[in-house]
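The values are calculated or read from the model by the stated rules, or taken from the named source; none is laboratory data. This structure is a prediction, so every number in the text was calculated from the model and none was measured. Glycine also receives a Cβ, built like all others from the backbone with ideal geometry; neighbour counts cover every protein chain displayed.
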Amino acid sequence: MATQAESGRKTQSFVSVHAGTIAVLAGALLLAIVPLVGSRYYVSVFTQILILSIFALSLGFLMGFPKLISLGHAAFFGVGAYAAGIFATRVDPNVVLTLGVALALSLLLALVIGVLSLRSTGIYFLMITLALAQLVYVASQQWESLTGGTNGLVGIPRPELFGLLRFDRTTFFYLVLLLAVLSYLLFRTLVRSPFGRILIGIGSNEQRMRAIGYSPRSYKLTAFVVAGAVAGLSGALWAHFNGIVTPEDLHWSHSAEALIMVIAGGAGTLIGPMLGAALIWLLESALQSYTDRSTMITGIVFILFVFFARNGIAGIAQSAWERVRR
Amino acid sequence: MGKGDILVPGTANGASTLRRFPFAVAMILLVAFLLLVGCGGGGGGGGQGGGEDPIRIGVILPYSGVYAQLGQDITDGMNLYFEEQGMEIAGRSVELIQEDTEANPQVGVEAARTLIERDEVEIITGTVSSAVAYGVIDLISQDQIPFVISNATGNDVTRRGIPYVFRTSASSWQVSYPMGGWLVDNGVQNVYVSAPDYAAGQEQAGGFKEGLAAAGGNLVDEAYPPLGNSDYSTYLTNISQASPQAEWSFYAGTDAVSFVRQYAEAGLKESVPLYGSGYMVEADTIEGQGDAAVGIRTGLFYASGLDNPENTAFIENFQSQFDRDPSTYAVQGYDAAWLIGEALKATEGDTDPDALVEAMEGVEFQSPRGPLSLDENHNPIQNIYIREAREQNGRIENVVIDTIENVQDPGA
């Protein structure tokens, strides 16, 4: 198998190595014409899918490479959303500042949760991230003067840019598209860098990496913080898009949804989680208008993936591609 | 293992995925199908642009959860009006598109967005919960869609003075403030106040206390049990020990049933007469409260026993159509539909937002609740009726014992 891959690399090297990037850029180009041909409904649908795909991408990076399965990822999404929302409503809706504040706060929170939870591994890591994230959830519910409690934080405007541009539905879509592509490229660069190789090594065999002389915890913490910050960014975009943030955005079920997106899309790739986000959004939200059983259908699809396509959409695409190549 | 395998862990068992190739094709087809379904649904709303374009009205109400009955009552009230019009106004047919809000702001905002963007509704109406209303107001302001609120009583909903927002229920203040002055006028000076500890409870109690203080009355003490409480005994003991002249309360739904029953069981009803906001003793709670409700005096903008021709006709039509008694919520729904329908008649079916807003401002109501008009914030100016629950005609009814005329919300 290794020799096959080597010989394939000679002829198909560029396409194989950059398959993900090519797919993402082609997808981005396709999406870029949506506002020109589609109604405002499609613009809105793809804005939501792209925001969720950034969220899923950040978790996918953690699950796929250093193999950190976190059930508290929604905390970063939610804190980013609240930070951007509160800053936009009380101080200034400038997009650079709101996204900056969201990035900074979710990064800080990821640092704290990371330091506390990365002492454990496996199921214990999962439970501690879940518990800490639920603490943040309860805080968002109780701190009513800041968050509006269970009624949520309302009145979040679409952002503006130094008084030059007030984002509307279409321009906001392009902003989200741009940030989605940048997030993908960021993680891609990380994964291909020496740092990324070490993360993959930690994911495959942590003991061996430690034996070679690496300190897995600091690498894992760095990955965790980067992923948390990007999740916070997606949360901030969500706050601007939705105009409302409620504690539900930080609930552990939102983390679980991201987990399902990653698994359905394909853990171990970067493009997979993004596609998974689109699939799950379509199953959950689009089908909801046609049937009351959309949650059941999502469940069945998820089970099918677990049984028959462990590598998700990305795995299917990959095997189909290899089949075609022969 | 080669380097490539580590880089893209997906290839690690590529050989086994290959054998499942037919399944992979099936999955890709499934994804493609879902994309088509998702997109096809989107086209549906806009695709009906034929010659006979219906007027699309989005209805966002809770149809599941604790407020499901309220959502149903409001919807039935609306349907009663539109069916009287033959489901057609100014030559255009009327299409009501319903979405469930679950009384959850996140779900409600998403429902409203879907209605605006996918179904391209021209008017939105609904929301039982004020939290949902606040979220939806931001959305409709962006897209300039008239929004007729048929229940949410949050004071700020209309006090913000957003031109596209109308309300056919009342503000919390409006329902509770008049009772404060009325009690003092009737010789009750010292009052104990209790309400559930959430936004509506605080607003209702706040309005009453303001009215009481303005008339020179005295607040003995106040208590705020949590929402959804089941045992009020400690609060009832405190009320008994404070021995006020009267108790004023706001509770709704199951809380109202528990509180009123326990109040009567504790024997307080005789020593400390119970007054309250009208939502505490209404069509939806009376059945559960039974005799415990008898004698309680509450203030609201409607009473089933109101004697006017519109109310008589409304009750009769509602009963024959839906086989049950209408509630205050049904009246709110009927008036919301009336406001939308009469405005559309005035614009001759034109749904341009600004034309509609102007027409709505000029609508004259014939409401079962009696005189009704809108103030400059589009909140109703209406009578508040002091009602006493009495046993008559073999059931418990709210009988009007006094009327406070033309109560207007003070605004911002």
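Each row is one residue, and each column tells you yes or no for (1) under 13 Å from the mean Cα position of the chain (by Cα); (2) among the hydroxyl-bearing types (Ser, Thr, Tyr); (3) more than 10 Å from every other protein chain (Cβ to nearest Cβ); (4) closer than 30 Å to A:Ile86 by Cα.
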| site | (1), (2), (3), (4) |
| --- | --- |
| A:Arg208 | no, no, yes, no |
| A:Pro216 | no, no, yes, no |
| A:Trp252 | no, no, yes, yes |
| A:Asp292 | no, no, no, no |
| A:Thr298 | no, yes, yes, no |
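Of the residues A:Ser193, A:Ser218, A:Ser234, only one is surrounded by 22 or more Cβ atoms within 10 Å (Cβ to Cβ), within 30 Å of A:Ser120 (Cβ to Cβ) and modelled with pLDDT of 90 or more; which? Outline the logic, then answer.
Numbers: A:Ser193 fails: surrounded by 22 or more Cβ atoms within 10 Å (Cβ to Cβ); A:Ser218 fails: surrounded by 22 or more Cβ atoms within 10 Å (Cβ to Cβ).
Being surrounded by 22 or more Cβ atoms within 10 Å (Cβ to Cβ), within 30 Å of A:Ser120 (Cβ to Cβ) and modelled with pLDDT of 90 or more holds for just one of A:Ser193, A:Ser218, A:Ser234, which is A:Ser234.
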Any residue at all in segment A:148-164 that's surrounded by 13 or more Cβ atoms within 10 Å (Cβ to Cβ), under 23 Å from A:Ser53 (Cβ atoms), touching a Ser or Thr at 6+ places or on another chain (Cβ under 8 Å) and touching a residue at least 12 places away in the same chain (Cβ under 8 Å)? yes
Within the set of pairs 6 or more residues apart or between chains, which connect a residue that is farther than 20 Å from B:Ala252 by Cα inside segment B:224-241 to a residue that is among the aliphatic types (A, V, I, L, M) and surrounded by 11 or more Cβ atoms within 10 Å (Cβ to Cβ) with Cβ atoms less than 9 Å apart? B:Thr237/B:Ala266; B:Asn238/B:Ala223; B:Ser240/B:Ala266; B:Ser240/B:Leu268; B:Ser240/B:Val272
If I ask for residues that are of a type in the set (Phe, Trp, Tyr) and either without any contact (Cβ under 8 Å) to a residue 40 or more places away in the chain or under 21 Å from A:Ile271 (Cα atoms) (or both), which ones from segment A:188-228 would you list? A:Phe195, A:Tyr214, A:Phe224
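Taking the condition of a type in the set (A, V, I, L, M), in contact with a Phe, Trp or Tyr (Cβ under 6 Å, 6 or more places away or on another chain) and within 24 Å of A:Leu275 (Cβ to Cβ), does A:Ala74 pass?
Taking the combined requirement at face value, the residue does not satisfy it.
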Number of the condition not met by A:Asp92 [criteria: (1) of a type outside the set (Phe, Trp, Tyr); (2) at pLDDT below 90; (3) part of a helix (DSSP H, G or I)]: (3)
Among (1) in contact with a helix residue (DSSP H, G or I) (Cβ under 8 Å, 6 or more places away or on another chain); (2) at pLDDT 90 or above, there is one condition B:Asp354 misses while meeting the rest; what is its number? (1)
What's the number of the condition B:Glu122 fails, among (1) within 14 Å of chain A (Cβ to nearest Cβ); (2) modelled with pLDDT of 90 or more? (1)
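Which ones in segment A:246-269 are assigned to a helix (DSSP H, G or I) and aliphatic (A, V, I, L, M)? Outline the logic, then answer.
Filtering segment A:246-269 down to residues assigned to a helix (DSSP H, G or I) leaves A:247-250, A:252-265.
Those that are assigned to a helix (DSSP H, G or I) and aliphatic (A, V, I, L, M): A:Leu250, A:Ala256, A:Ala258, A:Leu259, A:Ile260, A:Met261, A:Val262, A:Ile263, A:Ala264.
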Single residue of A:Ser319, A:Ser285 found to be within 8 Å of chain B (Cβ to nearest Cβ), more than 21 Å from the chain's Cα centre (by Cα) and of a type in the set (S, T, N, Q): A:Ser319
Tell me which residues, restricted to segment B:124-144, are within 29 Å of B:Gln85 (Cα to Cα), surrounded by fewer than 24 Cβ atoms within 10 Å (Cβ to Cβ) and touching a helix residue (DSSP H, G or I) at 6+ places or on another chain (Cβ under 6 Å). B:Asp143, B:Gln144
Strands (runs of 3 or more DSSP E) (entirely within segment B:217-336) containing at least 1 residues that are in contact with a helix residue (DSSP H, G or I) (Cβ under 7 Å, 6 or more places away or on another chain), outside the structural domain of B:Ile149 (by TED's automatic domain parsing) and loosely packed, with under 15 Cβ neighbours inside 10 Å: B:218-223
Testing B:Glu102 on (1) in contact with a strand residue (DSSP E or B) (Cβ under 7 Å, 6 or more places away or on another chain); (2) not in a strand (DSSP E or B), one condition comes back false. Which one is that? (1)
The one condition in (1) of a type in the set (D, E, K, R); (2) farther than 26 Å from B:Ala170 by Cα; (3) in contact with a Leu (Cβ under 9 Å, 6 or more places away or on another chain) that B:Glu247 fails to fulfil: (2)
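Could you tell me whether A:Gly272 is outside any helix (DSSP H, G or I), within 21 Å of the chain's Cα centre (by Cα) and at the interface with chain B (Cβ under 8 Å from one of its Cβ atoms)? Outline the logic, then answer.
On the way: outside any helix (DSSP H, G or I): no; within 21 Å of the chain's Cα centre (by Cα): yes; at the interface with chain B (Cβ under 8 Å from one of its Cβ atoms): yes.
Answer is no for this residue.
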A:Leu182 passes all but one of (1) surrounded by fewer than 16 Cβ atoms within 10 Å (Cβ to Cβ); (2) over 22 Å from A:Leu97 (Cβ atoms); which number fails? (2)
Using beta carbons and a limit of 6 Å, which pairs, at least six apart or on different chains, have the first residue in segment A:58-81 and at positive phi and the second one part of a helix (DSSP H, G or I)? A:Lys67/A:Gly203
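Please go through segment A:49-67 and give me each residue that is within 14 Å of chain B (Cβ to nearest Cβ) and either buried (at least 20 other Cβ atoms within 10 Å of the Cβ) or at pLDDT below 85 (or both), ordered by number. Steps first, answer last, please.
At the first step, the residues of segment A:49-67 found to be within 14 Å of chain B (Cβ to nearest Cβ) are A:49, A:51-52, A:60-67.
Matches in segment A:49-67: A:Ile49, A:Ile51, A:Leu52, A:Gly60, A:Phe61, A:Leu62, A:Met63, A:Gly64, A:Phe65, A:Pro66.
Mind listing whichever residues of segment A:33-48 are exposed (fewer than 14 other Cβ atoms within 10 Å of the Cβ) and either away from every other protein chain (no Cβ under 13 Å) or within 22 Å of the chain's Cα centre (by Cα) (or both)?
The first filter runs over segment A:33-48 and keeps only residues exposed (fewer than 14 other Cβ atoms within 10 Å of the Cβ), leaving A:33, A:36-37.
Selection gives A:Ile33, A:Leu36.
Might you check whether a residue that is assigned to a helix (DSSP H, G or I) and among the aromatic types (Phe, Trp, Tyr) occurs anywhere in segment B:376-386?
Filtering segment B:376-386 for residues assigned to a helix (DSSP H, G or I) gives none.
No, the conditions are met nowhere in segment B:376-386.
Please specify each residue of segment B:108-120 satisfying the condition of being assigned to a helix (DSSP H, G or I) and either among the polar types (S, T, N, Q) or touching a helix residue (DSSP H, G or I) at 6+ places or on another chain (Cβ under 8 Å) (or both).
B:Gly108, B:Val109, B:Glu110, B:Ala112, B:Arg113, B:Thr114, B:Ile116, B:Glu117
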Considering only residues that are closer than 29 Å to B:Asn308 by Cα and more than 23 Å from the chain's Cα centre (by Cα), look in segment B:337-357 and name the one that is surrounded by the fewest Cβ atoms within 10 Å (Cβ to Cβ). B:Lys345
